[in-house]
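Presented below is the structure to which this report refers.
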Amino acid sequence: MTLVVLVILAALWAVVLLPPLLRSRTERTNDSIGDFNFRLDALGRTNGALHLDAMRANPGQRAAKRRRDVIRVLLIAVGVSGLLALATNLAAVWALHAVADVALAAFGSLWAWARSVQAERALKVHPIPSRRAERPLGPVTSSIPARRAERPLGQVASS
């Protein structure tokens with residue numbers, strides 16, 4: 001039974017890993033001119049434009065995406081390790097499943113703690129109003145009298 005599960009698992013890994021590996025081996029050449037032409041062609045197709053959607057995302061959106069990805073990976077790890085533990089009934093696989101469960105629980109509790117700290121900070125911290133808004137928007141008047149400002153510099157210093 002254990003050998004059958006291991007063979008199935010190896011076959012699944014081969015199905016996932018072999019096609020990209022073989023594709024990269026056939027596409028790879030040591031021809032620098034051909035590689036340059038390929039990159040130049042790709043640049044021409046995209047017109048030099050970058051994918052700005054990923055760059056426009058603010059840090060909060062990127063952090064939320066990372067959290068979703070981590071939760072997804074942890075849930076998959078828990079599910080796969082649980083199914084393997086049930087299928088094989090080996091102590092090592094059950095231990096691996098327990099580690100995946102603890103990792104998922106730890107991530108969930110740390111996420112909840114971080115959100116509570118963030119909510120508490122939002123309630124306590126109030127922004128300080130800007131002092132720039134208090135300045136007059138009109139022209140700045142000089143404190144020097146007009147007749148003194150009109151005199152040449154030498155005469156101002158002597159008076």
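Overall, the range 59-111 carries a charge dipole of about 400 debye about its Cα centre when +1 sits on the Cβ of Lys and Arg and -1 on the Cβ of Asp and Glu, all other atoms neutral. Spin-label model, Ala92/Lys124: points 7 Å from Cα along the beta carbon direction are separated by 4.8 nm. Compared with the alpha-carbon gap, the fully stretched path from Ala10 to Val99 is longer by 29.8 nm at 0.36 nm per residue.
Taken together, the values in this text are just the output of simple stated rules run on the coordinates, not laboratory data. Quick caveat, the model's predicted, so the values are computed rather than measured. Virtual Cβ from ideal backbone geometry, glycine too; neighbours counted across all protein chains shown.
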